[in-house]
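Engineer: Sharing a structure, written as structure tokens. Questions coming.
The values are calculated or read from the model by the stated rules, or taken from the named source; none is laboratory data. Fair warning: this is a prediction, and the values are worked out from it, not measured in the lab. Positions of Cβ are backbone-derived with ideal geometry, glycine not excepted, and every protein chain shown enters the neighbour counts. Ligands, DNA and RNA are excluded from the accessible area calculation, which covers all protein heavy atoms including side chains. Shrake-Rupley method; radii C 1.70, N 1.55, O 1.52, S 1.80 Å.
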Amino acid sequence: MTLPLEGYRMIDVTRLVPGPTATWMLADMGMDVLKVEDVADRSAYRNQAAARESRERIGIDPKVAEEEFRSNAWDHMHRNKRSIAINLQKPEGQAVLHRLIEETDVFFGSFRLPVYKRLGADYETLSAINPRLIYATLSGWGFGNSYSHWPGNERNSQGYSGFTAMTTGQDAEPADMLFTPVDSYSAALAVISIQAALMARERTGKGQQVDIALVEGGTAILNGAAPGYFREQSYRHRGWPSIGNLRCKDGKYISNAAAYQNHFWAPFCDAVGLPEMRETRPDRDADSIRKVREHMLTRTRDEWMALIPEEIAVVPVLELNEVLEGRYAGERGMVWELDHPLEGKVRQLATPFHFSDTPVQFRHFAPLLGEHTGEVLRGIGYDNAGIERLEADGVVRVNHWEPHTAA
């Protein structure tokens, strides 16, 4: 069955969180994502001496490879991708990259601008090799400005984009996010932009550069705040007590959107036994906020949810285990159960993409470092002797281990 993005190939040199998040989405939808990784061991590779002793025979210590293969069983972020390990610091490694680019639709990186030039992977070089190439980057600050050379990361992007200032807690201190909203949103922007550039190429026949910045992604999340600022030259911090999330008797919470939608507020008051507050503005009045918060402490979360009608925008705040084991996740297929050669039944977060005619499929588990190096190099014209020379010179890394070689 054809996948939505089947037939497109990407060279992926991204690292850390936002780039791999974007390529996870693209790979799930069928794009052939070829991860170009360092020939040096990943952090999972700990037994360096054993790896060196066995490198001539199989390229990597089998115990280390098995450990990585097992740990990859639950890794949804890198499933459906392939891995080639190249030393891009060496001219011979850059030559391999350039041969790959000849038959590639998308190049995608997350380095700072000077790094691409040093690796022979800058836009001018690669687009000259393949004028139809979509050259996409996801960096902290984007190109062409005085911040382009700064390092980019989730924390700083939250701070500099206005995101942190707009997510203060009830103690008026900036809230510390326990996940990566800016990275994830920016990754989605990259996915949208790459697909749009491919569509444009269908009309023009030409590739182009796609430049996504984390800081801009962080500001774009605040789309509800910007219009008010432009209109009034002011904005409201969230650093005051609210009743958006209400603590209950058992220490659990409910998420209460009724306070911010007038047609839900009156039925909420009736349901929880506060009819006298039907005409108040609960999100503006400190006494009303205090009264509601104290009242909600008289019952447990689930007791309140049994009383509150489903249609008035109030839901329980779920812990992760409640989400992944819950009815909604089951009905939407949010968890995949898969057969792993060594681990048996494993579960992964499923794809969030749903198509009626080209459904997303699981194709294979996350690859080992260099698992597809030999296969890919043979596909662009290298023979076995040439691959062995590149491997001996430290230009590439070939992983010969297979699951059936495990003891």
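Engineer: For the stretch 163-275, list the strands (runs of 3 or more DSSP E) that sit wholly inside it and hold at least 1 residues that are closer than 26 Å to PHE108 by Cα and of a type in the set (Val, Ile, Thr); which are they?
Structural biologist: Those strands (runs of 3 or more DSSP E) span 208-213.
Engineer: Please enumerate the residues belonging to the stretch 130-147 that are assigned to a loop (DSSP other than H, G, I, E, B) and either over 26 Å from ARG201 (Cβ atoms) or under 22 Å from the mean Cα position of the chain (by Cα) (or both).
Structural biologist: GLY140, TRP141, GLY142, PHE143, ASN145, SER146, TYR147
Engineer: Continuing with the same structure: Find all pairs meeting these conditions: Cβ atoms under 6 angstrom apart; at least six residues apart or on different chains; first residue within the stretch 332-343 and farther than 13 Å from TRP74 by Cβ; second residue of a type in the set (A, V, I, L, M).
Structural biologist: Pairs that qualify, where the first residue is farther than 13 Å from TRP74 by Cβ and the partner is of a type in the set (A, V, I, L, M), are GLY333/ALA350; MET334/ALA350.
Engineer: Output the qualifying pairs, or none if there are none: Cβ atoms under 6 angstrom, residues six or more apart or on different chains, first residue in the stretch 390-407 and among the β-branched types (Val, Ile, Thr), second residue part of a helix (DSSP H, G or I) and modelled with pLDDT under 95.
Structural biologist: THR405/PRO62
Engineer: Would you tally the residues in the stretch 83-141 being over 29 Å from GLU216 (Cβ atoms) and in contact (Cβ under 8 Å) with a residue 60 or more places away in the chain?
Structural biologist: So the count comes out to 13.
Engineer: Take the residues of the stretch 166-191 that are over 19 Å from the mean Cα position of the chain (by Cα) and open to solvent by less than 50 Å² (accessible area, probe 1.4 Å): which is modelled with the lowest pLDDT?
Structural biologist: Restricting to residues being over 19 Å from the mean Cα position of the chain (by Cα) and open to solvent by less than 50 Å² (accessible area, probe 1.4 Å), the top hit is GLY169.
Engineer: From the list GLY217, GLY207, which one is modelled with pLDDT of 95 or more, touching a strand residue (DSSP E or B) at 6+ places or on another chain (Cβ under 7 Å) and crowded, with 16+ Cβ neighbours inside 10 Å?
Structural biologist: Going through GLY217, GLY207 in turn, the sole match is GLY207.
Engineer: Taking GLN158, is it among the polar types (S, T, N, Q) and either farther than 22 Å from PRO20 by Cα or open to solvent by 30 Å² or more (accessible area, probe 1.4 Å) (or both)?
Structural biologist: No: the conditions fail for GLN158.
Engineer: So, one more: Can you confirm whether PHE163 is open to solvent by less than 20 Å² (accessible area, probe 1.4 Å), in contact with a Leu (Cβ under 7 Å, 6 or more places away or on another chain) and modelled with pLDDT under 95?
Structural biologist: Taking the combined requirement at face value, the residue satisfies it.
Engineer: Same structure, new question: Would you check which residues across the stretch 305-328 are closer than 14 Å to LYS252 by Cβ, more than 25 Å from the chain's Cα centre (by Cα) and in a helix (DSSP H, G or I) and list them?
Structural biologist: Passing the criteria: MET305, ALA306.
Engineer: Going by what's in this entry, would ARG281 be described as out of contact with any His (no Cβ under 7 Å at 6 or more places or on another chain), within 18 Å of GLN261 (Cβ to Cβ), assigned to a loop (DSSP other than H, G, I, E, B) and open to solvent by 80 Å² or more (accessible area, probe 1.4 Å)?
Structural biologist: It is true that ARG281 is out of contact with any His (no Cβ under 7 Å at 6 or more places or on another chain), within 18 Å of GLN261 (Cβ to Cβ), assigned to a loop (DSSP other than H, G, I, E, B) and open to solvent by 80 Å² or more (accessible area, probe 1.4 Å).
Engineer: Does GLN361 fit the bill of being open to solvent by less than 80 Å² (accessible area, probe 1.4 Å), under 30 Å from ALA188 (Cβ atoms) and touching a Lys or Arg at 6+ places or on another chain (Cβ under 8 Å)?
Structural biologist: In short, no.
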